[in-house]
Structure formats: C-alpha cells, structure tokens
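A short write-up of the structure that comes next.
The values are calculated or read from the model by the stated rules, or taken from the named source; none is laboratory data. This is a predicted model, so every value here is computed, not measured. All Cβ positions, glycine included, derive from the backbone under ideal geometry; neighbour counts span all protein chains shown.
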Amino acid sequence: MAETLRIALAGLGTVGAGVLRLLEDNGELITARAGRRIEVVAVSARERSKDRGVDLSPYAWEDDMTAFAGRDDVDVVVELVGGSDGPALALARKALAGGKGLVTANKAMVAHHGLELARLAEDRGTPMRYEAAVAGGIPVIKGLGEGAAANRIERIYGILNGTCNYILSEMETTGRDFGEVLADAQALGYAEADPAFDIEGVDAAHKLAILASVAFGTELDFAAVDTSGITRIRSADIAQARALGYVIRLLGISDCDESGGERRLFQRVAPCLVPRSHPLASVDGPTNAVVAEGNHVGRLLFEGAGAGDGPTASAVVADLIDIARGNATAPFSLPVASLEASKPADPGNRRSRAYLRFMVADRPGVLAEITAAMRDAGVSIESMIQQGHPDDTDGDPVLVTMVTHEGPESSVTAALNVLDGSPSLVEEPLVMRLLG
Ligand SMILES: NC(=O)C1=CN([C@@H]2O[C@H](COP(=O)(O)OP(=O)(O)OC[C@H]3O[C@@H](n4cnc5c(N)ncnc54)[C@H](O)[C@@H]3O)[C@@H](O)[C@H]2O)C=CC1
Ligand SMILES: N[C@@H](CC=O)C(=O)O
Ligand code: NA
C-alpha cells in the first residue's frame, strides 16, 4: 500500500472548505488512524479567487473538475458540489470508470444514481463511500452496514432533515411563524440551495431511500418513497398535538411488509405525532436522529449534527480514513447483484392511529357529515375537538381536529375520498400518523 492516499476535492463550499480545515487541524491524528497520510493534491470549484478562509496555494487547481479523473497523481475523488445530475454525476462516473475511489456527501446523486455508481465501483474494484450524505456527521451508514451487520433490521426511522426539525421545534417553543423560521434556517446555513427540497420532504426522502437500501439489503428505490413535507402544518396543529401529549416531527420511516408472503418495502417521509416520552420528541433544532431496530441488538439510537461544515466534514474524512485503511465494505453493504429488487408495499395495508385536521364551514350538519363519512368507512374516532372563534364571528371557517383509534390507513383514505369536494370543507384535510 502506498504511503499516501492522494485526493482531489471538487466543491469548496461549506463542506469542501470544512474538509480542508479538518485535514489541516487534525492531520497527525488522521495519519496515525488511517495508517498513512491523506494528501490533498488538487481542488476545483466555480470561483478560484473567493476567500474561503483556507489557503489553496499548496494544491493544484482545475477549472474543470472532471479533469481529476485523468490525473495519475489522484487516488480518490471527493465530490462536494451537489445536485443529483449535472457536473457532480459526470465527475463521479468519470472518476469511478477511471479507477479512482469516490467519496461524496451528495444524497440527491446517491439516491438517484447510487446503484449505477456502486456497480461501476465494483466493476473497477475501487471504493465508493457516502457517509456524509445521510444524517451528516452521524456515522449511521457505517453503524448499520458494519456495526449492526449481524442483525436483521426490522424497522428504521428518524429525523433526517435538520431544517424541518429546526422549523418545527422553533414553532413549538416560540410560537413563531413558519415563513419567519424558515428564513432563519436558511440564514443559519441548514437549508439546501433550494429550500423546497427540505420543506417538501425531498431531502429526507433521498436519505431514507439510501438508509433503507443499507438496512434491508434492497435496491435503492427513491421513486417509491411516499413523501410529504411540513408546509401545511400550522401553529394550531402544534398546539393540538401538545395538548394530546405529542410533538410534531418530520420522520422518515421504513420497514418491510411480509404479510402477503413476499417482502415488500415501505418507505415514507411525513410529519408525524411523536409521543412526548419517545427519545425523538426531545430532538430539537437542526439535530438528526435515527432509530434502527435490529432483531438481536434491539433498539439503536444514533443522534447528532445532521448538517454544518464540521460534522459533515467529519463524515467525509472518516470515509477517507476507511479507504486509506483498505476497508473493502461494499457501498450498500452487499454486492449490488445481491441486493433484492425493491417491491413497494401498499401503505393502505398499514395500521396506524391518525390525527386529522379539517377546516370547515361554520354551519349545522358539518360535523355530522364528517363523522358519518368516518363511520361508513369503519374509522373509529378516539377524540375530537372543534375550535370556535375567539370573536365568534358567524360564517368564518372553524378548525376541527380528531384522533382516530388504530385501524387500516385505507379506511381513513376512503373516508376522506367521500368528503372530497364537499362544500362543508373549505380546504383539503391534513392527515398525520401517530408514531407507534
Ligand atoms: N451543508 C451541509 O450541511 C451538508 C451538505 N451536504 C451535501 O454536500 C454537498 C455540498 O454542500 P455544500 O458544501 O453545503 O454546498 P455549497 O453550495 O456551500 O458548495 C458547493 C461548492 O461546489 C461548487 N460548485 C457548484 N457547482 C459547480 C460547478 N458546476 N462546477 C464547479 N464547482 C461547482 C461551488 O463553487 C462550491 O464551492 C451537497 O451535495 C450537499 O447536499 C451533505 C450534508 C450536509
Ligand atoms: N438541508 C439539509 C442539510 C444536510 O443534509 C438538512 O437540513 O438536513
Ligand atoms: Na452520516
């Protein structure tokens, strides 16, 4: 094995600059633990002259980052540019095809193209790692793929997006408005370049699809993640949830449904009501947390910073140390050919308790219409609250919330289908499941 692992770094933003700082700050310790020196040979970004607070003079500069793939003095390409396709993907493909190792923090690219890239890595006998892509600094890919490798994972779920968790926990503790708190999350550097990826649940769905593949040994299937975000949550929902003993968190949840005699993968990202006593209920701010339930180890809880320069760089450099040590674990823990084809489960078969919020016209018979639809679909209501207006103005819409007993999700859907288009409802109802 060569004395040095030579790397080229594409992208010198939050994470890229963080990696350079970490390699500089902890250089000796990293060399000792890796068994050899990790040396940055070349770097690339959009702008060469921008002040990033790091000295780039020791490194070669490439205007075109795909040139890394052709450099004989580079062993591993580190992609910290972002975007599911475009230049990041072109670089990743070219680097692996050219026999270089690949380390990336790009969850969008891994969720969409991870299998293709892993196949390329396998064919060329070169490593591919992406620890930073899922829950930032938390070593959850390594924890699942290696630490818990002896277990059958039965369920995996958690808080996978720091921006949404920050918004929900701030709204809960300060009563501030959604838009105002989102602007804060952007200013603090938690949000993606396009924050719609965060608040619509897409970023968490990228991460969940990757986690599910590693946890269950199934092929990545991002398109099958049933995804909803947090944009429709109001302060009133947060207050109702609190009154019931819950907090609202955006969760990614995945497990396997074997009830039909074959294994089907369930993947969902959605805001859920989490009981106050559950460890995830106290995960506040931009922190991430992942729970994995293994059939021998029991419940594992991974918690820590899911975003930011230091934590994300920590995961990137851990991947480099792994490669320097010669760790040959397959990118998705199993060889690509051994991953099971993913067959999506029907969410309608799941049993859960649901929180339902209706905004209804304030007139007689509306509650009876809703409860009749529930009764006819076989949904049993556990509790219901109608909130009047403080000024009791006739004709203004009123908020009705209810919690159902546990039952098939298809029954709630059937009841809402009956109510669809009813003039009694002034907007589409909101459904959130209770974490069980
Ligand atoms: N910021 C965070 O906390 C986390 C980020 N990530 C992922 O890490 C990756 C990088 O994220 P950040 O550092 O936050 O982004 P950033 O926007 O701060 O930095 C991106 C860098 O890529 C360069 N770049 C962009 N397009 C380019 C192009 N066409 N050609 C050459 N250079 C180009 C930019 O000049 C910049 O240096 C993304 O995939 C992101 O999803 C993952 C976990 C956490
Ligand atoms: N925008 C992401 C950043 C890390 O992946 C988040 O908010 O979690
Ligand atoms: Na991670």
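Structure notes:
- Residue in the range 243-264 that is modelled with pLDDT under 95 and part of a helix (DSSP H, G or I) present: yes
- Against the conditions (1) away from ligand 2 (no atom under 16 Å from the Cβ); (2) without any contact (Cβ under 8 Å) to a residue 24 or more places away in the chain; (3) under 24 Å from F222 (Cα atoms), A121 satisfies every one except (2).
- Candidate set from the range 143-160 (those that are within 28 Å of V76 (Cα to Cα) and touching a strand residue (DSSP E or B) at 6+ places or on another chain (Cβ under 9 Å)); member that is farthest from ligand 3 (Cβ to nearest atom): A148
- Residue in the range 130-144 that is crowded, with 23+ Cβ neighbours inside 10 Å, among the β-branched types (V, I, T) and closer than 15 Å to A10 by Cα present: no
- Scan of the range 3-58 for residues that are in contact with a Lys or Arg (Cβ under 7 Å, 6 or more places away or on another chain) and away from ligand 2 (no atom under 16 Å from the Cβ), ordered by number: E3, T4, L5, A8, L12, T31, A34, G35, E39, V41, A42, V54
- Qualifying residue in the range 193-208 (condition: of a type in the set (A, V, I, L, M, F, W, C), more than 15 Å from ligand 2 (Cβ to nearest atom) and assigned by TED's automatic domain parsing to the domain that holds G285): no
- Considering each residue of the range 66-82 in turn, none proves to be over 21 Å from P127 (Cβ atoms), without any contact (Cβ under 8 Å) to a residue 60 or more places away in the chain and buried (at least 19 other Cβ atoms within 10 Å of the Cβ).
Residue-by-condition table, conditions (1) under 30 Å from A10 (Cβ atoms); (2) modelled with pLDDT of 95 or more; (3) within 16 Å of ligand 1 (Cβ to nearest atom):
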site: P331; (1), (2), (3): yes, yes, no
site: R353; (1), (2), (3): no, yes, no
site: P364; (1), (2), (3): no, no, no
site: E369; (1), (2), (3): no, yes, no
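- Enumeration of residues in the range 4-40 that are closer than 19 Å to P87 by Cβ and surrounded by 21 or more Cβ atoms within 10 Å (Cβ to Cβ): I7, A8, L9, A10, G11, L12, V15, G16, A17, V19
- Tally of residues being at pLDDT below 95 and either under 29 Å from the mean Cα position of the chain (by Cα) or under 16 Å from V103 (Cβ atoms) (or both) across the range 31-58: 1
- Restricting R93, R52, R46 to those that are charged (D, E, K, R) and part of a helix (DSSP H, G or I) reduces the list to R93.
- I159 vs. criteria surrounded by 20 or more Cβ atoms within 10 Å (Cβ to Cβ) and touching a helix residue (DSSP H, G or I) at 6+ places or on another chain (Cβ under 6 Å): yes
- Residues located in the range 126-139, provided they are aliphatic (A, V, I, L, M) and either in a loop (DSSP other than H, G, I, E, B) or within 12 Å of ligand 2 (Cβ to nearest atom) (or both): A132, A133, V134, A135, I138
- Residue in the range 109-124 that is away from ligand 3 (no atom under 16 Å from the Cβ), closer than 19 Å to D198 by Cα and either within 17 Å of the chain's Cα centre (by Cα) or assigned to a loop (DSSP other than H, G, I, E, B) (or both) present: yes
- Qualifying helices (runs of 4 or more DSSP H) (wholly inside the range 176-240; at least 3 residues being surrounded by fewer than 17 Cβ atoms within 10 Å (Cβ to Cβ)): 178-187
- Residues located in the range 333-378, provided they are of a type outside the set (D, E) and exposed (fewer than 14 other Cβ atoms within 10 Å of the Cβ): P335, A337, S338, A341, G348, R351, R363, P364, G365, A368, R375, G378
- Selection of the range 154-175 for residues being modelled with pLDDT of 95 or more and either in a loop (DSSP other than H, G, I, E, B) or not assigned by TED's automatic domain parsing to the domain that holds T218 (or both) yields L160, N161.
- Meets criteria (within 17 Å of D309 (Cβ to Cβ) and surrounded by 12 or more Cβ atoms within 10 Å (Cβ to Cβ)) for V43: yes
- Contact annotation: residue pairs with Cβ atoms under 8 Å, 6 or more positions apart or on different chains, pairing a residue in the range 191-219 that is among the hydroxyl-bearing types (S, T, Y) with a partner that is assigned to a helix (DSSP H, G or I) and more than 11 Å from ligand 2 (Cβ to nearest atom), are S213/G114; T218/A212.
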